[in-house]
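A short worksheet on the structure shown next.
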Amino acid sequence: MKITRQKHAKKHLGFFRNNFGVREPYQILLDGTFCQAALRGRIQLREQLPRYLMGETQLCTTRCVLKELETLGKDLYGAKLIAQKCQVRNCPHFKNSVSGSECLLSMVEDGNPHHYFVATQDQNLSMKVKKKPGIPLMFIIQNTIVLDKPSPKTVAFAKAVESGQLVSGQEKQNIKQLKEEQGLVKDPEQRRKKKRKKISGPNPLSCLKKKKKTRDTNSSASEKKRKRKRIRNRSTSKVLSEKQNAEG
């Protein structure tokens, strides 16, 4: 039974790896229901998950999940201890926390760019995850971990990508990266800097230089006037001296 489970898991992982770029270490987002089920089944997640998936794994959760477990009280104290040992991923709910299911769903939006697995016992969350392509889903049944087969939505999306009708999220990231490397895409920060330069007024240093030039021209003009006055004074003195000599 264990061998068949691993075969199915290997097949499903190969599908997600080839079509959606899922890779090691596998990042598994846990909610409170999955932690509680692992506690009841006495499942050592850190030991059994890498064996089952045949690769390196990272157990992750969010602040919203931890806060939800804290509010539920003593009944889920053991599940809270398991979740607290996981790596906490940043969620967009910094100010106002939401339910664990809503938070995990927000972590796999926009094509699941971080390639998260969602591990939950919540049926409503599982149904919503299956409606989004490219998200591996995990749950616990009969005290054993199971990687669910790709949902019909996921299979249809992969076929559409193969036929060229759609572009996968991984391909979009690769195209964007290539454009950035070739300089075809400009950073928004550089655009903002350029806009700021256009809005800014005249350079004060250039204004100072212009003032100096006007002062230089004024000083040169005043010097010329002084020279002319000196020449006139000399000419008048000569004329007076000549008159005196003629009279004498």
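What is the residue count in segment 128-157 for residues that are outside any helix (DSSP H, G or I) and either open to solvent by 50 Å² or more (accessible area, probe 1.4 Å) or over 16 Å from H12 (Cα atoms) (or both)? Talk me through it step by step, then tell me what you get.
So in segment 128-157, the residues outside any helix (DSSP H, G or I) come out as 131-151.
From what's left, either open to solvent by 50 Å² or more (accessible area, probe 1.4 Å) or over 16 Å from H12 (Cα atoms) (or both): 131-132, 139-144, 149.
Result for segment 128-157: 9.
Among the residues of segment 79-118, those that are in contact (Cβ under 8 Å) with a residue 40 or more places away in the chain, farther than 21 Å from K131 by Cβ and either in contact with an Asp or Glu (Cβ under 7 Å, 6 or more places away or on another chain) or part of a helix (DSSP H, G or I) (or both) comprise A79, K80, I82, A83. Filtered by the rule that a residue be modelled with pLDDT of 95 or more and open to solvent by 60 Å² or more (accessible area, probe 1.4 Å), segment 52-62 gives a lone residue, E56.
Looking across segment 117-127, the residues that are open to solvent by 10 Å² or more (accessible area, probe 1.4 Å) and in contact with a helix residue (DSSP H, G or I) (Cβ under 6 Å, 6 or more places away or on another chain) come down to Q121, D122. The set of residues in segment 14-44 that are open to solvent by less than 10 Å² (accessible area, probe 1.4 Å), under 25 Å from L66 (Cα atoms) and either within 22 Å of the chain's Cα centre (by Cα) or without any contact (Cβ under 8 Å) to a residue 60 or more places away in the chain (or both) comprises Y26, I28, L29, C35.
The values are calculated or read from the model by the stated rules, or taken from the named source; none is laboratory data. For clarity, every value in this text was computed on a predicted model and none was experimentally measured. Heads up, the Cβs are rebuilt from the backbone with ideal geometry, glycines too, and the neighbour counts pull from every protein chain shown. Only protein heavy atoms, including side chains, enter the accessible area calculation; ligands, DNA and RNA are left aside. Shrake-Rupley method; radii C 1.70, N 1.55, O 1.52, S 1.80 Å.
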